[in-house]
Amino acid sequence: MSLKYGILGLLAEQPLHGYEVKSRFEELLGGTWEVNIGQVYATFQRLERDELIEAVGERGDRGKLAYRLTEAGRRSLDEWLEAPEAEPQQLREEVYVKLLLGNRIGNGSMERLLSRQRSIHVQRLNDLAELVDRASRENQRGVALMLRGAILHTEADLKWLDESIKDIQTWATAPDRRRDMSPPIELSVVSRPSKAERSEL
């Protein structure tokens, strides 16, 4: 989720200052994303520069300044809310790069990497299940839907990891097909001359 549009969405409800945005954004996501206050203020600056938000009123306690949505900000938010997510799964994630390099180098690290990655995903599933239970108890229906989506994605990743580990284990026991496809190399054998032949030279 974009912090930019998360801020626009919160300001659509009412004017807020930075720490209020941070608190409400983290509450919105059920505590699954901790936001740095510096990120919030940096995003404020970009949004104000782009005329999507504007300051309102005077600075309050400790110099806090509240912001509200502009008409342009409302249009930008509405367009974002209605646009489907078109980006495919990112194939630039670090685990894929490690996997490709491990395959090229052939140092035997691929199976170890995927096994460790699998352990992390299993733990993530357990953590997500606990968060879903908490969201359901607190009647946070939107958060529960988001977390169930994360669970389905993690389960799909686990299936890919299990199948990849099986493939790697199969490769380790299968003959190297690349050698089978290589043409045989014929060595020409030169016979040494006999003793009689050498005496005639």
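The values are calculated or read from the model by the stated rules, or taken from the named source; none is laboratory data. Note that the coordinates shown come from a computational prediction; the quantities given were computed from them, not determined experimentally. Note that we place each Cβ from the backbone using ideal geometry, even for glycine, and neighbour counts take in every protein chain shown.
Right, LEU8: in contact with a Gly (Cβ under 8 Å, 6 or more places away or on another chain) and either buried (at least 16 other Cβ atoms within 10 Å of the Cβ) or within 22 Å of ARG141 (Cβ to Cβ) (or both) or not?
So LEU8 passes the test.
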Next item on the list: Would you please list the contacts, defined by Cβ atoms under 7 Å and residues six or more apart or on different chains, that run from a residue in region 145-164 that is under 16 Å from THR32 (Cα atoms) and modelled with pLDDT of 90 or more to a residue that is in a helix (DSSP H, G or I) and basic (Lys, Arg)?
Entry: THR154/ARG124
Item checked: One residue from ILE120, ILE105 being surrounded by fewer than 16 Cβ atoms within 10 Å (Cβ to Cβ), aliphatic (A, V, I, L, M) and modelled with pLDDT of 85 or more -> ILE120
Next item on the list: Only residues that are part of a loop (DSSP other than H, G, I, E, B), touching a residue at least 40 places away in the same chain (Cβ under 8 Å) and surrounded by 14 or more Cβ atoms within 10 Å (Cβ to Cβ): list them for region 16-40, please.
Entry: HIS17, LEU29, GLY30, THR32
